[in-house]
1. Taking segment 91-111, which residues are of a type in the set (Ser, Thr, Tyr) and buried (at least 23 other Cβ atoms within 10 Å of the Cβ)?
2. Mind listing whichever residues of segment 226-247 are closer than 27 Å to Ala49 by Cα and open to solvent by less than 40 Å² (accessible area, probe 1.4 Å)?
3. Please verify whether segment 145-161 includes one or more residues that are more than 16 Å from the ligand (Cβ to nearest atom), out of contact with any helix residue (DSSP H, G or I) (no Cβ under 9 Å at 6 or more places or on another chain), open to solvent by 20 Å² or more (accessible area, probe 1.4 Å) and not in a strand (DSSP E or B).
4. Being more than 21 Å from Glu251 (Cβ to Cβ) and open to solvent by less than 40 Å² (accessible area, probe 1.4 Å) is the filter here; which residues of segment 68-90 pass it?
5. Just give me the residues in segment 189-223 being open to solvent by less than 20 Å² (accessible area, probe 1.4 Å), under 25 Å from Thr104 (Cβ atoms) and within 15 Å of the ligand (Cβ to nearest atom), in sequence order.
6. Let me confirm something: among Ala49, Ala60, Ala56, which residue is away from the ligand (no atom under 15 Å from the Cβ), touching a residue at least 40 places away in the same chain (Cβ under 8 Å), open to solvent by less than 30 Å² (accessible area, probe 1.4 Å) and more than 25 Å from Asp143 (Cβ to Cβ)?
7. Of the conditions (1) assigned to a helix (DSSP H, G or I); (2) open to solvent by less than 10 Å² (accessible area, probe 1.4 Å); (3) under 30 Å from Arg237 (Cβ atoms), Ile125 satisfies every one except a single condition; which number is it?
8. For Glu216, indicate whether it is touching a helix residue (DSSP H, G or I) at 6+ places or on another chain (Cβ under 7 Å) and modelled with pLDDT under 95.
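The values are calculated or read from the model by the stated rules, or taken from the named source; none is laboratory data. In this text, all values refer to a predicted model and were calculated from it rather than measured experimentally. Neighbour counts are summed over all protein chains in view; Cβ atoms, including those assigned to glycine, are modelled from backbone coordinates with ideal geometry. Ligands, DNA and RNA are stripped out before the accessible areas are found, and what is left, the full protein with its side chains, is counted by its heavy atoms. Shrake-Rupley method; radii C 1.70, N 1.55, O 1.52, S 1.80 Å.
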Amino acid sequence: MAVIEETFVASDRPGESSGEEKLSRFNTSIPHPARVYDVWLGGKDNFAADRAAAEAGLKAFPSTVKSVRANRAFLARTVEYLVEEAGIRQFLDIGTGLPSANNTHEVAQAIAPESRIAYVDNDPIVLAHAEALLRSTDSGATDYIDADLREPGKILQEASRTLDFSRPVAVMLIAVLHFVPDEADPYGIAETLMAAVPPGSHLVVSHTAKDIFPEEMAAFARAMNKDSAEKVTLRDREQVSGFFNGLDLIEPGVVQVPRWRPRSELEASAPAALWGGMARKPA
Ligand SMILES: C[S@@+](CC[C@H](N)C(=O)[O-])C[C@H]1O[C@@H](n2cnc3c(N)ncnc32)[C@H](O)[C@@H]1O
C-alpha cells in the first residue's frame, strides 16, 4: 500500500485532483473492474478482494478467461482494421484497463507509428500504471486522462490536447459500457462522443452479453455485483446494437466478439459472452 501511495502523490499533474483525493478513491478492500480483469488476464496488479471476485466470476461462468482473452483479441483486430482498412490515425480509448499485451497504441503504432491515442479510465490504479501507456513512438503521441465515461464533456475537452477533432477519430468503448447503468444514459453518452467527431470517424463497442450463455451470465453478473465498486448491466444483442444507431455498421455487424473478422476458425470458436461491433459515422 505504501508504494501505491507514493505513486499517487508522484503522479499528480497540475490542474488534476490532489493526491489525497485520489487516495480516497483507492480502496483495496472492494473489487474494482480493472483489477478483477487483470486477475483473469494473469496480471499482478490486484488484491485479495479482486481475486475473490474473479474466482466467483469464474465459478459462475467457467469460460470467463477465454471470454476476456477473446475480447482482447477483438480489440487488437479492430485496431488493425481501423489503421489498415479505414485509414484511422487517432483513437479515443475509454475504459482502457491496466496495461496488458497489445494495448491500442502498440497495435496502431506498429502499423502506423504516427498514430495518436488518448486513453481514459476512472480507476486510480490504472492511473498509477499509466506510464506504460505513455511510451509512444516519436512520430505519434499517447496521453492519459483520469476521467469517468459518464463525463463525456470533460473527456472530449481533455482529449483535444492530443487529438485533432477536425479529423476522424476511432472511439473505442471496449468492455466498459456494461459499467454504465441505464439511468446514467449510456446511449446518450455514446451519442455525445460521436457527435464531437467528424464523418469518417468510427465507434467500436464490446459489451457483456445477456443472451449468450444466459443462465451462466446471470449468475456471473450476480457474483460481480455482490461487492463490486462498479455494477455490471448485461445487455442483449438488440440493446448493444442500439449504440450504433445513426451510424453505418461495418460487416459482419454486431456479433459474438470472436466472430468479428476472426483470423482462424479456432479464434472464431472461443466461448465468449460479449457482443462486439464497429460502425462508421456517415457524411
Ligand atoms: C473490463 S476492463 C476493459 C479493459 C479494456 N478496454 C479491454 O477491453 O481489454 C473495464 C475498464 O473500464 C474501466 N471503467 C469502468 N467503468 C468506467 C467508467 N465509468 N469510466 C471510465 N472507465 C471505467 C475500468 O476501470 C476498467 O479499467
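1. If the condition is that a residue be of a type in the set (Ser, Thr, Tyr) and buried (at least 23 other Cβ atoms within 10 Å of the Cβ), then Thr96, Thr104 are the ones that fit.
2. Going residue by residue through segment 226-247, those that are closer than 27 Å to Ala49 by Cα are 226-235.
Hits for segment 226-247 are Ser228, Glu230, Val232, Thr233, Leu234, Arg235.
3. yes
4. Once the filter is applied, which keeps residues that are more than 21 Å from Glu251 (Cβ to Cβ) and open to solvent by less than 40 Å² (accessible area, probe 1.4 Å), segment 68-90 yields Val68, Arg72, Gln90.
5. Residues satisfying the conditions are Ile189, Ala190, Leu193, Leu203, Val204, Val205, Ser206, His207, Thr208, Ala209.
6. Working: Ala49 fails: away from the ligand (no atom under 15 Å from the Cβ); Ala56 fails: open to solvent by less than 30 Å² (accessible area, probe 1.4 Å).
Residue meeting the stated conditions: Ala60.
7. (3)
8. When the stated conditions are applied, Glu216 does not pass them.
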